[in-house]
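Please treat every number below as a calculation from the coordinates, not as lab data. Note that this is a predicted model, so its numbers are computed, not measured. Using ideal geometry, Cβ is built from the backbone for each residue, glycine included, and neighbour counts are taken over all protein chains shown.
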Amino acid sequence: MRWVKKLGWVNAAVICGLVLLSGCWLYKFNASSIDANAHTVNVNLFSSKAPLAPPTLAQKLTEVLRNQITSQTRLTQENSDSADYVFTGSISGYDISNAAVTNVEQASSLRLTITVSIDFRSRTNPKSNFSTSFSRSQDFAANVSITSIQDQLITKINSDLSDDIFNRAFANW
């Protein structure tokens with residue numbers, strides 16, 4: 001209690017508050033909730049049902065999600081549907097649309113949107129199972145060819161989609 005008297009009540013309260021908040025940040029907001037009995041995950045190779053999608057898009061998204069799960073959790077990838085967690089999915093949308101129009105009714109920027117349908121199954125906690133779609137977009141200038149920046153856009157969108165899927169499955173978002 002001497003340190004409280006030296007610092008003053010306000011300063012002591014601020015310090016305690018910061019310690020508590022940093023503890024919550026470390027243990028609550030960044031923690032993934034993985035059952036202690038779970039050890040394996042199977043992220044099946046996604047398929048592509050979007051006619052305009054590049055042929056490697058589904059494979060790239062699968063790899064991004066696999067890498068995120070194995071690097072941010074203690075789970076190991078297992079190519080079996082008897083894994084503790086199983087992801088299956090498909091690219092269900094790959095669309096380019098107008099994002100902004102100029103005063104002469106001409107597109108000034110375009111938007112690439114990728115949608116993926118995911119089916120998640122947990123053997124350890126069936127209540128956390130879900131089937132849903134995730135969608136992410138990136139805008140680009142209309143005077144730029146999609147083929148020249150497609151890989152860059154896909155890399156960013158895949159990273160965002162992987163974060164969304166990971167958070168829904170393991171971070172209770």
Given H placed 1.01 Å from N in the peptide plane, which residues other than close sequence neighbours of Phe46 have an amide H under 5 Å from its amide H?
-> Thr62
Per-residue HN-Hα couplings for the stretch 39-47 [Karplus 6.51, -1.76, 1.60; θ = phi - 60°; Hz; x = Gly/Pro] = 10, 10, 9, 10, 9, 5, 4, 5, 9
Could you give me the ³J(HN,Hα) list for the stretch 54-70, computed from phi with Karplus coefficients 6.51, -1.76, 1.60 and θ = phi - 60°, whole Hz, x at Gly and Pro?
-> x, x, 8, 4, 5, 5, 5, 5, 4, 5, 4, 5, 4, 4, 5, 5, 6
Show the residues, 5+ positions off or on another chain, whose built amide H is closer than 5 Å to the amide H of Thr40.
-> Thr76, Asp84, Tyr85
Suppose R0 equals 41 Å; then what is the FRET efficiency for Ser33 and Asp139 from their Cβ-Cβ distance, rounded to the nearest 0.05?
-> 0.75
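Kindly rank 151-158, 41-48 from highest to lowest mean number of other beta carbons found within 10 Å of each residue. Please report the intermediate quantities before stating the final value.
Numbers: 151-158: 16.4, 41-48: 19.4.
Descending packing order for the listed peptides: 41-48, 151-158.
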Could you check the simple spin-label distance between Thr70 and Asn98, using points 7 Å along Cα→Cβ, in nm with one decimal?
-> 4.5 nm
